[in-house]
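To start, the structure under review is shown below, and the notes come after it.
The values are calculated or read from the model by the stated rules, or taken from the named source; none is laboratory data. Owing to the predicted nature of the structure, the values given are computational and were not obtained by experimental measurement. With ideal geometry, Cβ positions are generated from the backbone for all residues, glycine too; neighbour counts draw on all protein chains shown. Areas reflect the complete protein model, heavy atoms only, side chains present, ligands, DNA and RNA absent. Shrake-Rupley method; radii C 1.70, N 1.55, O 1.52, S 1.80 Å.
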Amino acid sequence: MKDKGDIESKTDAALNSLDGLQRAAASPFLYTKVQVKLKEDRSAWSALGRFISQPKVAISVCLILLLLNTWILLSVISSRVDERAEQLNDLALEYHFETPALPEQNPIQP
Amino acid sequence: MNETELIVRLQQKEEAAFRQLVEGWKDRIYNTALGLIQQAEDAEDITQDVFVTALGSIGEFRAESGISTWLYRITVNKSIDHLRKKKRKKLFGLVLLIRGKNGGQENDNPDFIHPGVQLEKKQEAAILFSAIRKLPEQQRIAYSLHKVEGLPMAEIGKILNLSEGAVESLLQRAKQNLRKSLLSYYQNNRHER
């Protein structure tokens, strides 16, 4: 029982340990450090990074890539269809599967 | 110089205005970041990043919220991004460790003590900060802003885009979770202390 009361009081003490907390102070040279960071940030690569990460640029690039992919996919599919039709034609020619002409369809019986 | 004037001068990229912003706000930003990530060096890096971002996006700043809410919001977002990145790194380190490579050495700073804690409360505060690290993200942010930075619930609500009631409930749940966590800590360590 005494143990339980002890644990409760320690828990309360821990929960109240941030009462009266003083604000932590940043480095007195922070402004100089920020200035250095700003100069670094103005370099060409970071400018390029900032430009690409703009939502309108990023969305446009994604759309262009998507359209390009769709176009490539469609052209591959259509070229395959053409190739297949060509193969069938060749096969038909080789085995004389051409559609018979009209007089051949109704030959005159002797 | 009032806030509106300061914003106008910042938008005109006036160096004196920027210096005033940094000097006037650095401690608040640093203290907030430190409370959230519990790592002094990283908190300073985040503080610098906050001002770089603030200067870069001052042109888009609308005076709908005050400059304080805006800066606190940038700080919270940067700190949370940092914590998530650290968590991912830790996870990756763990994977490397399982695969037998040298990983999982990410410093989690288990004994963080905030420099503003009163001397006689340092031990309890270290245990409390360790319990805060285990809180869910939103509860951790709300509790830290309230207890470390001393912000009122209304201001926390503006920063997190939540109603005051929602913040109150977040704080309530945070306190309950912390109590549970601390009770189990003291129960497990009762013979050591």
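Among what's in the stretch B:36-85 and is under 14 Å from the mean Cα position of the chain (by Cα) and basic (Lys, Arg), pick the residue that is surrounded by the most Cβ atoms within 10 Å (Cβ to Cβ). Top of the filtered list is B:Lys78.
So which residues in the stretch A:10-37 are among the hydrophobic types (A, V, I, L, M, F, W, C) and in contact with a helix residue (DSSP H, G or I) (Cβ under 6 Å, 6 or more places away or on another chain), if there are any at all? Outline the logic, then answer.
If we filter the stretch A:10-37 for residues that are among the hydrophobic types (A, V, I, L, M, F, W, C), which is where we start, we get A:13-15, A:18, A:21, A:24-26, A:29-30, A:34, A:36.
Once the filter is applied, which keeps residues that are among the hydrophobic types (A, V, I, L, M, F, W, C) and in contact with a helix residue (DSSP H, G or I) (Cβ under 6 Å, 6 or more places away or on another chain), the stretch A:10-37 yields A:Ala13, A:Ala14, A:Leu18, A:Ala24, A:Ala25, A:Ala26, A:Leu30, A:Val34.
Have a look at B:Phe129, B:Phe112 and point out the one that is out of contact with any Gly (no Cβ under 6 Å at 6 or more places or on another chain), facing chain A (nearest Cβ under 9 Å) and of a type outside the set (Lys, Arg). Give the derivation first.
Numbers: B:Phe112 fails: facing chain A (nearest Cβ under 9 Å).
Only one candidate qualifies: B:Phe129.
Out of the residues in the stretch B:9-27 meeting the condition of being open to solvent by 70 Å² or more (accessible area, probe 1.4 Å) and either within 15 Å of the chain's Cα centre (by Cα) or of a type outside the set (S, T, N, Q) (or both), tell me which one is farthest from the other protein chains (Cβ to nearest Cβ). Top of the filtered list is B:Lys13. Of the residues in the stretch A:55-69, not one is surrounded by 10 or more Cβ atoms within 10 Å (Cβ to Cβ) and within 14 Å of another protein chain (Cβ to nearest Cβ).
Can you pull out the residues in the stretch A:26-49 that are at the interface with chain B (Cβ under 8 Å from one of its Cβ atoms) and open to solvent by 70 Å² or more (accessible area, probe 1.4 Å)?
If we filter the stretch A:26-49 for residues that are at the interface with chain B (Cβ under 8 Å from one of its Cβ atoms), which is where we start, we get A:26-27, A:30-31, A:33-34, A:37-38, A:41.
Hit for the stretch A:26-49 is A:Lys33, nothing else.
Here B:Lys101 meets each of (1) touching a Leu at 6+ places or on another chain (Cβ under 7 Å); (2) at pLDDT below 95 with one exception, condition (1).
Within the stretch B:161-173, the set of residues being open to solvent by 30 Å² or more (accessible area, probe 1.4 Å) and touching a residue at least 24 places away in the same chain (Cβ under 8 Å) comprises just one member, B:Arg173.
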